[in-house]
Amino acid sequence: MHSNAGGIQADTMTTPTALDELDMRILRLLNADARKSYRDIAKEADASLSTVSNRVRKLEEEGIISGYVPVLNEARLGFDVLAVVGVKIHKGKLLEVQRRIAKDDRVTHVYDVTGEWDSIVVVRLRNTRDLDAFIKRLGSMEYVENTYTQVVLNVVKEERRVLL
């Protein structure tokens, strides 16, 4: 089984890494099933076990693979509220506020965005009482000027894998 290489975080400011066809085959196989054994990957990718092991280690070290996590059904676990929150932040304090927001374990995404709002926050909560408390806490944070909240009524598509 593969070890967790750390949290998943997109780095949008890096230059894409050049990958050969074997790297891409390995990534496609892991992307489809991160629990797939190196032996199965080697067989399907027509490579040796040691080659696959070395390639995966290289992909982890280069940050192309940043972790292995199960895909959980949040609603089945009792997290029934998914909300998207826009945040206006005092000029010059964006990263400071975003880092504080990101420390909340219920927050799944924090984005810098263009447009009217400075940041978009996605949060998964158990119920509307938790959402109310979250929004009030967020709105009272130092340097948060304003927020808006949209509650997701139905998820039509939510793809977590990069399509290669």
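Read-outs throughout are calculated quantities, based only on the coordinates presented, and are distinct from any laboratory measurement. In this text, all values refer to a predicted model and were calculated from it rather than measured experimentally. Please note: Cβ atoms are built from the backbone with ideal geometry, for glycine as well, and neighbour counts cover all protein chains shown.
Just a few scattered comments:
- Relative exposure of T147, T51, T128, T114, judged by other C-beta atoms within 10 Å (fewest first): T114, T128, T51, T147
- Most mobile listed residue (L82, L19, L29) in the chain, GNM with C-alpha springs under 10 Å: L19
- In this structure, E116 and E62 have a Cβ-Cβ separation that, at R0 = 35 Å, corresponds to a calculated FRET efficiency of about 0.45.
- Nitroxide proxy distance, nm - points 7 Å out along Cα→Cβ at K103 and V84: 2.8
- Relative contact order, whole percent, for the range 1-138 stands at 22, derived from Cα pairs under 8 Å and 6 or more residues apart.
- Taking the number of Cβ atoms within 10 Å of each Cβ as an exposure proxy, the fewest-first ranking of I64, I26, I101 is I64, I101, I26.
- Highest-fluctuation residue, E60, E21, E74 considered, GNM on the chain with Cα pairs under 10 Å: E21
- With contacts taken as Cα pairs under 8 Å at a separation of at least 6 residues, the range 75-151 carries a relative contact order of 46 percent.
- Theoretical FRET efficiency, 1/(1+(r/R0)^6), r = Cβ-Cβ of S37 and E159, R0 22 Å, to 0.05: 0.35
- Using Cβ point charges alone (K and R +1, D and E -1), the dipole size of the range 21-61 about the Cα centre works out to roughly 120 debye.
- About the centre of its Cα atoms, the chain shows a dipole size close to 420 debye [charges on the beta carbon of Lys, Arg (+1) and Asp, Glu (-1) only; nearest 20 debye].
- Value at 222 nm in deg cm²/dmol, rounded to 500, when DSSP H runs of n ≥ 4 in the chain each add -39,500 (n - 2.57): -10000 deg cm²/dmol
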